[in-house]
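Report on the following structure.
The values are calculated or read from the model by the stated rules, or taken from the named source; none is laboratory data. If you're wondering where the values come from, they're calculated on a predicted model, not measured in any experiment. Cβ placement follows ideal geometry from the backbone for every residue including glycine, while neighbour counts extend to all protein chains displayed.
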Amino acid sequence: MMDQAEQLRQRVSQQIQYSGSTRVIAVTSGKGGVGKTSFSVNLAIQFSKKGKRVVIIDADFGLSNVEIMLGIRPEYNMADLIYNDKNIDDIITKGPLDIGFISGGSGVQDMVNLDKEQIRVMISKLVRLDTLADVIIIDTGAGISDTVLEFVLSSPEVVIVATPEPTSITDAYSLLKTVNRNKDFTAVDKKIQIVSNRVRSKEEGKEIYEKLNMVSTKFLNIQMEYLGAIMQDSNASKAVIEQKPVSLAFPNSVSTRCYQEISNKMLELDEVKEEPREGIAKFFLDFIRHQKRNK
């Protein structure tokens, strides 16, 4: 029998047409402090340099790392979209290279409490975002909180950032294991990718991926893709102190070249596979469905 959350999703879906053009990427990690937000911001910069229109949604509640790195202060957030009659254009703050930024604020967490009409209005506003961006990067929180899991479940494309620390690798596996237990998860419908951060060599980066992929393939039947490694780089630490993305502060640095390589690979893989997309409005409708089902 169809549950209430699924009935809601179908009713709203019948009233709204999705553009299906925007690539939605959720960036996450098993634990904090592994450079997840730095990856999100630098990836956005590299995509923008290649002519892509990019919007970052900061869904890491309680922290403002993205706005600090971009050097911007948003006036509005997702809550204003829901409660204060603001539109998508109102809540997007422009950063360097014309990258758009949306602060999740309390709005994303509040979505579980919205009634049918509020959801319909919000989703109809989000459809506009699909016409403004080619790529939307969602910087999730770290760990295995319910909200992080719902973002991973809703996103067609997930990038997990891990470092050589044993706890980072085991926590990344724990995240995969928890996602795999959810009845809404199907590995066939999801692209899960690994980026190794702060490694001393390309070989060390590949080793992190191989360890994770071996156990996830064997025990979870989840096969992941490897996007590449970001080298340990003193310039990256300097950029953090300067509160700037390393791709802008040190465009010729080792780590910036790594971001360039990874972004090139992501664009090449996307062009080869030509996977169908349903955009950010569909993403958030699925996110609300998962929230209501797990409430």
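Which numbered condition trips up residue 82, out of (1) within 30 Å of residue 271 (Cα to Cα); (2) among the aliphatic types (A, V, I, L, M); (3) in contact (Cβ under 8 Å) with a residue 40 or more places away in the chain?
In the conditions (1) within 30 Å of residue 271 (Cα to Cα); (2) among the aliphatic types (A, V, I, L, M); (3) in contact (Cβ under 8 Å) with a residue 40 or more places away in the chain, residue 82 misses (1) alone.
Which fully enclosed helices (runs of 4 or more DSSP H) of the range 212-277 have 1 or more residues being touching a Gly at 6+ places or on another chain (Cβ under 9 Å), buried (at least 18 other Cβ atoms within 10 Å of the Cβ) and in contact (Cβ under 8 Å) with a residue 40 or more places away in the chain?
Details: elements: 234-241, 246-249, 254-273.
Where helices (runs of 4 or more DSSP H) fall fully within the range 212-277 and carry at least 1 residues being touching a Gly at 6+ places or on another chain (Cβ under 9 Å), buried (at least 18 other Cβ atoms within 10 Å of the Cβ) and in contact (Cβ under 8 Å) with a residue 40 or more places away in the chain, they are 234-241, 254-273.
Return the residue satisfying two criteria in turn: it lies in the range 183-211 and is loosely packed, with under 12 Cβ neighbours inside 10 Å and among the hydroxyl-bearing types (Ser, Thr, Tyr), and of such residues it is nearest to the chain's Cα centre (by Cα).
So, considering only residues that are loosely packed, with under 12 Cβ neighbours inside 10 Å and among the hydroxyl-bearing types (Ser, Thr, Tyr), the one nearest to the chain's Cα centre (by Cα) is 186.
Looking at the range 100-197, what helices (runs of 4 or more DSSP H) fall wholly within it and have at least 1 residues that are in contact with a Lys or Arg (Cβ under 9 Å, 6 or more places away or on another chain) and of a type outside the set (Val, Ile, Thr)? Steps first, please.
On the way: elements: 107-110, 116-132, 146-154, 166-181.
It comes to 116-132, 146-154, 166-181.
Restricting attention to the range 25-80, and to residues there that are within 23 Å of residue 150 (Cα to Cα), assigned to a helix (DSSP H, G or I) and polar (S, T, N, Q), which single residue is modelled with the lowest pLDDT?
Among those that are within 23 Å of residue 150 (Cα to Cα), assigned to a helix (DSSP H, G or I) and polar (S, T, N, Q), it is 65.
If we scan the range 279-294, do we find a residue that is buried (at least 19 other Cβ atoms within 10 Å of the Cβ) and closer than 24 Å to residue 204 by Cα?
No, because not a single residue in the range 279-294 is buried (at least 19 other Cβ atoms within 10 Å of the Cβ) and closer than 24 Å to residue 204 by Cα.
Identify the single condition in (1) over 25 Å from residue 169 (Cα atoms); (2) part of a loop (DSSP other than H, G, I, E, B); (3) touching a residue at least 40 places away in the same chain (Cβ under 8 Å) that residue 284 does not satisfy, given that it satisfies every other one.
All conditions are met except number (2).
Select from the range 174-213 the residues that are of a type outside the set (D, E, K, R) and closer than 17 Å to residue 33 by Cβ and list them in ascending order.
174, 175, 195, 196, 197, 199, 208
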